[in-house]
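To keep things clear, I will list the structure first and then write my remarks on it.
The values are calculated or read from the model by the stated rules, or taken from the named source; none is laboratory data. Note that the coordinates shown come from a computational prediction; the quantities given were computed from them, not determined experimentally. Neighbour counts run over all protein chains shown; Cβ positions are idealised from the backbone, glycine included.
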Amino acid sequence: MKARLAEEWIIFLLAVQFLTRLPVPADPGWSAARMEATPRWYPAVGALVGAISAAVYWAAALVLPPLVAVLLAVAAGIVATGAFHEDGFADCCDGLGGADSRERALEIMRDSRLGTYGAAGLGLILALKVAALAGMAMAVVPFALVAGHAASRASAVLVIATGTYLRDQGAGKPVANGSGGLPAALALAASATVPLALAVPPAAVLAGLLGLGIGHVLMRRAFERRLGGYTGDCLGAVQQVSEVGFYLGLLAAI
């Protein structure tokens with residue numbers, strides 16, 4: 001039992017190291033098999049990032065207007081992840097918006113430079129995120145951040161579990177075979193929504209999950225129809241759109 005817990009702890013640390021800039025041991029115990037197992041912990045990492053954002057929001061809201069507190073909370077999440085998911089979303093926007101062929105889209109998505117479509121998309125999605133959170137009651141926002149970050153990571157795991165990875169190398173390659181972690185990821189995401197369900201009517205949580213599902217389907221349809229599968233950038237894109245969809249669905253209900 002202790003050996004199993006120790007193994008899961010290593011896998012969790014690898015997930016934290018992969019998805020964030022949070023301090024972990026330089027080499028927690030990397031192996032290809034352990035990296036493939038990390039997706040099951042992505043919602044837990046998301047909940048951790050959401051908790052950091054929630055703590056910043058709570059502290060800021062004590063002395064600053066709610067909108068400023070939300071901006072600082074969103075900024076804290078970006079700092080914690082190194083804008084990992086936002087970068088993927090922007091690259092995905094550039095590739096899908098700036099190319100008329102699959103090959104050209106994949107080429108553009110490899111380019112580290114930010115284009116017009118990426119800049120516009122990133123600005124819009126961040127604005128939507130801030131506006132949706134700022135429209136909620138202050139007591140709800142911390143719970144929404146934890147649930148939204150966790151559930152949207154499960155949305156990305158669903159792509160890993162059911163999609164086709166397109167590149168021989170890339171950010172998503174080490175975890176492309178991590179399909180077995182989907183049940184655990186969904187269970188962790190569901191657990192992260194429990195505190196929110198105590199703060200708002202359960203129907204509002206379901207509305208948030210419906211919004212997340214709509215975001216997942218729309219973003220996934222966009223890149224799978226054009227590319228025939230997914231890349232690491234697409235995982236970041238589906239996480240971002242799913243997170244915003246969760247906040248919008250929740251806001252609409254409450």
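Within the stretch 136-144, identify whether any single residue is within 17 Å of Val238 (Cα to Cα), part of a helix (DSSP H, G or I) and modelled with pLDDT of 95 or more, and answer yes or no.
So far as the stretch 136-144 goes, no, none of its residues is within 17 Å of Val238 (Cα to Cα), part of a helix (DSSP H, G or I) and modelled with pLDDT of 95 or more.
I need a count of the residues in the stretch 14-46 that are closer than 22 Å to Gln240 by Cβ and either surrounded by fewer than 23 Cβ atoms within 10 Å (Cβ to Cβ) or free of Cβ contacts under 8 Å to residues at least 40 places away in the same chain (or both).
Of the residues in the stretch 14-46, 8 are closer than 22 Å to Gln240 by Cβ and either surrounded by fewer than 23 Cβ atoms within 10 Å (Cβ to Cβ) or free of Cβ contacts under 8 Å to residues at least 40 places away in the same chain (or both).
Yes/no per residue for (1) basic (Lys, Arg); (2) at pLDDT 95 or above; (3) more than 24 Å from Ser112 (Cβ to Cβ); (4) not in a helix (DSSP H, G or I):
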{"position": "Arg40", "(1), (2), (3), (4)": "yes, yes, yes, no"}
{"position": "Ile52", "(1), (2), (3), (4)": "no, yes, yes, no"}
{"position": "Trp58", "(1), (2), (3), (4)": "no, yes, yes, no"}
{"position": "Ala73", "(1), (2), (3), (4)": "no, yes, yes, no"}
{"position": "Asp87", "(1), (2), (3), (4)": "no, yes, no, no"}
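Restricting attention to the stretch 17-59, which residues are within 13 Å of the chain's Cα centre (by Cα) and among the β-branched types (Val, Ile, Thr)?
Thr20, Val45, Val49
Are there any pairs, at least 6 apart or on different chains, whose C-beta atoms fall under 8 Å, with the first in the stretch 193-211 and in contact (Cβ under 8 Å) with a residue 24 or more places away in the chain and the second outside any helix (DSSP H, G or I) and surrounded by fewer than 20 Cβ atoms within 10 Å (Cβ to Cβ), and if so, which?
Cβ pairs passing all conditions: Leu196/Val140; Ala199/Ala139; Ala199/Val140; Val200/Val140; Val200/Ile254; Pro201/Ile254; Ala204/Ile254.
Of all residues being among the polar types (S, T, N, Q) and more than 28 Å from Gly50 (Cα to Cα) in the stretch 91-144, which is surrounded by the most Cβ atoms within 10 Å (Cβ to Cβ)? Just the residue, please.
The qualifying residue surrounded by the most Cβ atoms within 10 Å (Cβ to Cβ) is Thr116.
Within the set of pairs 6+ apart or on separate chains, which have a first residue in the stretch 126-139 that is of a type in the set (A, V, I, L, M), a second that is outside any helix (DSSP H, G or I), and C-beta atoms under 8 Å apart?
Met136/Ile254; Ala137/Ile254
Which residues, taken from the stretch 216-252, are assigned to a helix (DSSP H, G or I) and polar (S, T, N, Q)?
Gln239, Gln240, Ser242
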